[in-house]
Amino acid sequence: MDNKFLQRYLGFDPKTMNLKTEVIAGITTFLTMSYILAVNPDILSAASMDKGAVFTATALSSALATILLAFLAKLPLAQAPGMGINAFFAYTLVQGMGYSWQTALTVVLIEGIIFVLLTLFNIRDKIVDCIPLNLRYAISVGIGMFIAFLGLKNVGIIVHNDATLVALGSFTPAALIGILGIILSGVLCYWNVKGALFIGIILTTLIGIPFGITNLPEGFTIISKPQSISPTFFQFDFASLWDFDLIVVTLILVFMDLFNTIGTLVGAANQAGMVTKEGNIPHMKEALLSDAVGTCIGAVCGTSTVTTFVESSAGIAEGGRSGVTSLVTGLLFVLALFFSPLFLIIPSAATTGALFLVGVFMMNGLKDIELNDITESLPALVTILSMVLTYSIAEGIVLGMLAYSMMKICTGRFKDMHPTLYVPVSYTHLTLPTTP
């Protein structure tokens, strides 16, 4: 590719940018977010989805969405099935509410289409204004805590207890591997090792072999042809689509995707120095459109909502400033399709470190929550705590919104509320069974 092509289609400016730097930045971004290739199939398999097909869907949708973003938005960002939203898909929508994963994929498709329309008609800003700023931070923190708790529960570090609801589990080999993964991933992050979470997953997978935690199938090879996507490809079920519960869930997914993407875009653009004097982000509409189309692609392939990854900041820190960075990341996701055996042998214990560290990273929003105003801090705590204790991201959001509305109304702080918050929230059916 010559510089004219790169400049026209990927926003690469040879006067201010270096091609080698852009390539290294793309590799860095891939390494920091490649853990999703192991974690996403593990989470969605809890919804009875074929793990191999989900791996292919994850890699393929990540590749296509990121390459699309490279050419449309020309920004150094990458996309993949989002953490937190995939947990909502598997543990709330499928296990908790009892819908089939086919119905859940249909919801993701509809959510993606709605996001496309909201972006094309510039309605997204009005929607964002409906949610109080503090609750946006609290939702992010709450999802982080939920993901960390999920990692601890999956390996038995935290277990059910009849007297106290939860308790510390036994130090089984799986639990010890999980604890080792947390410490190892944390240490690697401290030393700013590129791909720390991915390296942590691989090392704990290897350590798990002699303990019987990692099972190597007979004739195991690292490289093979891509796993078949047919078990999840275009598997939609529109029969229950107009159920009221699903309408609410669809709107929740739209909000979650919207806030996650806009928050990542704002943070990444500020980090890269791309924000204009007026506070605008170049090609933001195109970036949001790429995200929305990526979600539709993901649903068709067989995975949960695709969103812009905050790990893109790693590539930006390496000097990535154009779509070349995104293109490199997307092509590496294509290459990953041929390494499915390596990712599919990874046990849940080996992903605990990555899940817990994602929770740590999402705790960053705590510093932005207004803690000196009880009408703001109380709803924030309700949101965060409810997500973990009810084992439901959706219930945390609903209860947080209710708490915010009640605190503002009862203290006469009506001007703090967006008009839409006066609508009573009576939806309380997003519950989960005691033993998912």
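The values are calculated or read from the model by the stated rules, or taken from the named source; none is laboratory data. The structure displayed is predicted, hence computed values, not measured ones. With ideal geometry, Cβ positions are generated from the backbone for all residues, glycine too; neighbour counts draw on all protein chains shown. These area figures cover heavy atoms from the full protein model, side chains too; ligands, DNA and RNA do not enter into them. Shrake-Rupley method; radii C 1.70, N 1.55, O 1.52, S 1.80 Å.
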Go ahead and set up a Gaussian network model of the chain, Cα springs under 10 Å, then flag whichever of T66, T16, T58 fluctuates most.
T16
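Does the stretch 207-254 come out rounded, prolate or oblate, given a ≥ b ≥ c as the square roots of the eigenvalues of its C-alpha gyration tensor, rounded meaning a/c under 1.5 and, failing that, prolate meaning a/b above b/c? Before the final figure, lay out each step's value.
Numbers: a/c = 4.15, a/b = 2.24, b/c = 1.85.
Taking the square roots of the gyration eigenvalues as a ≥ b ≥ c, the stretch 207-254 is prolate.
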Say we join alpha carbon atoms closer than 10 Å with springs in a Gaussian network model of the chain; which of L203, L69, L109 then has the biggest fluctuation?
L203
With θ set to phi - 60° and the Karplus curve 6.51 cos²θ - 1.76 cosθ + 1.60, what are the ³J(HN,Hα) couplings of the stretch 199-215 in order, to the nearest whole Hz, using x for Gly and Pro?
4, x, 5, 5, 5, 5, 5, 5, 5, x, 4, x, 8, x, 7, 9, 9
I need the phi-derived Karplus couplings for the stretch 302-318: 6.51 cos²θ - 1.76 cosθ + 1.60, θ = phi - 60°, integer Hz, Gly and Pro marked x.
x, 8, 6, 3, 8, 9, 6, 8, 5, 5, 4, 4, 5, x, 5, 5, 7
Treating only Lys and Arg (+1) and Asp and Glu (-1) as charged, each at its beta carbon, one finds that the stretch 173-277 has a dipole about its Cα centre, in Debye to the nearest 20, of 560
Which cross-chain or sequence-distant (5 or more) residues have an amide H under 5 Å from the amide H of F12, H modelled 1.01 Å from N in plane?
Q7, G323
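Please give the FRET efficiency for S240 paired with Y9, using the beta carbon to beta carbon distance and R0 = 45 Å, rounded to the nearest 0.05. All intermediate terms of the calculation are to be shown ahead of the outcome.
Numbers: r = 42 Å, r/R0 = 0.93.
After rounding, the FRET efficiency stands at 0.60.
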Under a point-charge model restricted to the Cβ atoms of Lys and Arg (+1) and Asp and Glu (-1), what is the dipole moment magnitude of the stretch 226-372 relative to its Cα centre, in debye to the nearest 20?
380
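For the stretch 7-76, which whole-number percentage of the solvent-accessible area (1.4 Å probe, protein heavy atoms only) is attributable to carbon and sulfur atoms?
Values: 1380 of 2300 Å².
Taking all protein chains in place, the stretch 7-76 shows 60 percent carbon and sulfur surface.
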To the nearest 20 debye, the chain has a Cα-centred charge dipole, built from +1 on Lys and Arg Cβ and -1 on Asp and Glu Cβ, of 780
Under-5 Å amide H pairs with I158, H placed in peptide plane, nonlocal only
K153, G169
Can you give me the % of accessible surface on the stretch 155-284 that is carbon or sulfur? Probe 1.4 Å, all protein chains present, nothing else counted.
67
Can you list the residues, at least 5 places off or on another chain, whose amide H is less than 5 Å from the amide H of T307, using H built in the peptide plane?
A80, G82
Lysine pairs with alpha-carbon atoms under 25 Å apart, the chain, spacing 8 or more or separate chains
20
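By the gyration tensor of its Cα atoms, with a ≥ b ≥ c the square roots of the eigenvalues, what is the shape of the stretch 1-98: rounded for a/c under 1.5, prolate for a/b over b/c, or oblate?
On the way: a/c = 3.25, a/b = 2.87, b/c = 1.13.
Note, shape of the stretch 1-98 comes out prolate.
Please report the carbon-and-sulfur percent of the accessible area for the stretch 297-407; probe 1.4 Å, protein heavy atoms only, DNA, RNA and ligands left out. Display every interim value, and only then the final one.
Working: 2660 of 3550 Å².
Summing carbon and sulfur atoms, their accessible area is 75 percent of the total for the stretch 297-407.
With every protein chain left in place, what is the accessible area per residue of the chain in square angstrom, probe 1.4 Å?
Working: 18460 Å² over 436 residues.
In whole numbers, the chain has 42 Å² accessible per residue.
Given 20 °C and 1.002 mPa s, compute D for the chain with the Stokes-Einstein relation, Rh being the Kirkwood radius over Cα pairs; round to the nearest whole µm²/s. Mind dumping the intermediate values first?
Numbers: Rh = 22.0 Å.
Rounded to a whole number, D works out at 97 µm²/s.
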Can you give me the P(r) profile for the stretch 273-351? Cα pairs, bins 10 angstrom wide beginning at 0, each as a whole percent.
14, 36, 35, 12, 3
Which one, P210, A138, G98, projects farthest toward the positive side of the charge dipole computed for the stretch 79-211 from Cβ point charges (K/R +1, D/E -1)?
P210
